[in-house]
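Computed from the coordinates by the stated procedures, all read-outs in this text should not be read as laboratory data. This structure is a prediction, so every number in the text was calculated from the model and none was measured. A quick note on method: Cβ atoms are made from the backbone with ideal geometry, for glycine too, and the neighbour counts reach across all protein chains shown.
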Amino acid sequence: MTDLEPTSPASSSFPTSPDAPDAPDRRSPMSPALPSASEFASYAPAPESRSIVRIADEYGLWIGGDWSAAEGGATFTSIEPATGEALSLIAEASPADVDRAVVAARNAYDTTWRDLAPAVRGRYLFRIARLIQERSRELAVLESIDGGKPIRESRDVDVPLAAAHFFHYAGWADKLEWAMGAGANPRPLGVAAQIIPWNFPLLMAAWKLAPALACGNTVVLKPAETTPLTALVLAEIIAEAELPPGVVNIVTGGGATGAALSAHRGVDKVAFTGSTEVGRAIRRATAATGAKVTLELGGKSAHVIFEDAPLDQAVEGVVQGIWFNQGHVCCAGSRLLLQESIADEFLAKLRRRMELLRIGDPLDKNTDIGAINSQEQLDRIVELCAAGVDEGAEMVQSSCPLPDRGWFFPPTILTGVDTSSRVATEEIFGPVLSVMTFRTPDEAIAKANATPYGLAAGVWTENGARILWMSERLRAGVVWANTYNQFDPTSPFGGMRESGFGREGGRHGLGAYLDLDTAADDLVAGVAR
């Protein structure tokens, strides 16, 4: 077994220390001597209790306000990434099940939801937000169990932001005439198909559901196959909030379920967050149905650090940008561009900071880096790191010991990366940072834009004019200045090029769920009269 091979649940191929006997030396030449893992400050485990969560042995489909089995009783197993153990059997929706869900959503749209007073729709969203808050601890624990992310992130980021999205759009429900040129009589699109990823299951569900419902649409939601559990608990919350049956339907399954949903001719809108490859397939499918589309796809975002940047602050930004949620973030700052004059100093600081990150049980409040979501994703991370080394990059990894079961990968820095290499151009979606250098702002722009993606970027400098100059030239939907991964329900988010199109969040997110074409026609007709 090589350093780059994935670990089995019973063993770890990564040494517990860079000084371990016969272990490969992962130290970079520019890094100072580092303490071994045994010399790090030790932390007593601080586990969050699992007892607050009750995971059912089996979950069905939420269609028309009720639970039902999938056609033929088909199921798949949800696996806990930190242990490799089965959590529950999940119903696998067939095309016939998808059709049932779309019909239920259409009936609810035609008979109830679209004609409901906007303020009443807003009150339903307020109820959902409050119930998420009431069950926040349960949802956070379940999110960490099902997805592998550290409990601190689930507790402090995912769940509060999910509630905040429902609160935000509850306030917009009766103010839609001021949203994106919707006009005096804003009209919803109809039935929305929403397909969400596995990296932020609950948050992405709220991100998509809240604006769609506020605008008067009904929804068929499909969570990711590897992380369905919080979406299914959200169905319980929706029932407790007493939404009319069929307003929200949740169908679980794999790629075939998502394909059937996105190509369904009864769907008026498709919103997808996930890989660029699947996004292309959805675009082809909707070309035949005429459904409107919002796509938030992959990324290979650049962190650009200039020599006048506050280096210690920038180090923390880079850590947040690439190692938050194990790098399972579409806008992760996975490429680091350093001005040559500060490269050695910055990498030494970053290497020291990386060594302080703790890898372990996602439910331990001390954990910084949790589990990789699946064996498939771990294999991809391992394969791309091996490709990076083969293409000439030097790999430096954290010496923190890995758990002896589950799917884990250490924080990794690849230096000496060529802009044309796979680790500089392909989305790794893991805790792996590819480092390059530049001399001038023009060279920084050229290297940052040397990717087919265009989701996000970060710029670190004390020169305000340079921030504006860079922002105008970076081909990215979102540019953060002297910070990274800042999200808020009031702010739009989305990419360009192969990172997708359309915006979610804020006032712009409402436009994706309103019939703006009809609103524009009505405005023209009114002017003509």
## Note on the structure
Taking a crude spin-label model, label points 7 Å out from Cα along the C-beta direction, the residue 490 to residue 44 distance in nm is 4.2 nm
### Query
Between residue 289 and residue 85, what length comes free when the chain is fully extended (0.36 nm per residue of separation minus the Cα-Cα distance, one decimal in nm)?
69.4 nm
## Note on the structure
So residue 56 and residue 366, fully extended at 0.36 nm per residue minus their Cα-Cα distance, gain in nm 108.8 nm
### Message
As a footprinting exposure proxy, order 394, 383 by other Cβ within 10 Å, with the fewest listed first.
### Response
383, 394
### Task
Tally the DSSP beta bridges in segment 299-481 and give the antiparallel ones as a percent, rounded to 5.
15 percent
### Message
Compute the helix-to-body angle for 201-214: its Cα long axis versus the longest principal axis of the chain, expressed 0 to 90° and rounded to tens.
### Response
30 degrees
### Summary
Relative contact order in percent for segment 299-481 (Cα pairs under 8 Å, 6+ apart) equals 31 percent
### Message
What distance in nm separates the two pseudo spin-label positions at residue 111 and residue 239, each 7 Å out from Cα along the beta-carbon direction?
### Response
1.9 nm
### Task
Taking the chain as the reference, fit the longest principal axis to its C-alpha atoms, fit the long axis of helix 136-147 to the helix C-alpha atoms, and give the angle between the two in degrees, 0 to 90, nearest 10.
60 degrees
### Close Lys-Lys pairs in the chain, where close means Cα under 28 Å and separation is 8 or more or interchain
22
### Message
Would any residue of segment 327-342 have its amide N under 20 Å from a label point 7 Å out along Cα→Cβ of residue 462? List them or say none.
### Response
338-342
#### Entry: Two-site FRET efficiency, residue 316 against residue 120, from Cβ-Cβ distance with R₀ of 45 Å, rounded to 0.05
0.50
#### Entry: Within the chain, percent of DSSP bridges classed antiparallel, to nearest 5
30 percent
### Task
In whole angstrom, note down how far apart the Cα centers of segment 312-380 and segment 154-209 are.
29 Å
### Query
Rounded, prolate or oblate: which fits segment 440-494 when a ≥ b ≥ c are the square roots of the eigenvalues of the alpha-carbon gyration tensor, with rounded for a/c under 1.5 and prolate only if a/b beats b/c?
oblate
### Query
Taking a ≥ b ≥ c as the square roots of the eigenvalues of the Cα gyration tensor of segment 381-439, is the shape rounded (a/c under 1.5), prolate (a/b larger than b/c) or oblate?
prolate
## Note on the structure
Given 37 °C, 0.692 mPa s and a Kirkwood radius over Cα pairs, the Stokes-Einstein diffusion coefficient of the chain in µm²/s is 137 µm²/s
### Summary
By the Cα gyration tensor axes a ≥ b ≥ c (a/c under 1.5 gives rounded; else a/b larger than b/c gives prolate, otherwise oblate), the shape of segment 329-384 is oblate
#### Entry: Vicinal HN-Hα couplings computed from phi for segment 368-382 (Karplus, 6.51 cos²θ - 1.76 cosθ + 1.60; Hz; Gly/Pro x)
9, 10, x, 8, 5, 4, 7, 4, 4, 5, 4, 4, 5, 4, 4
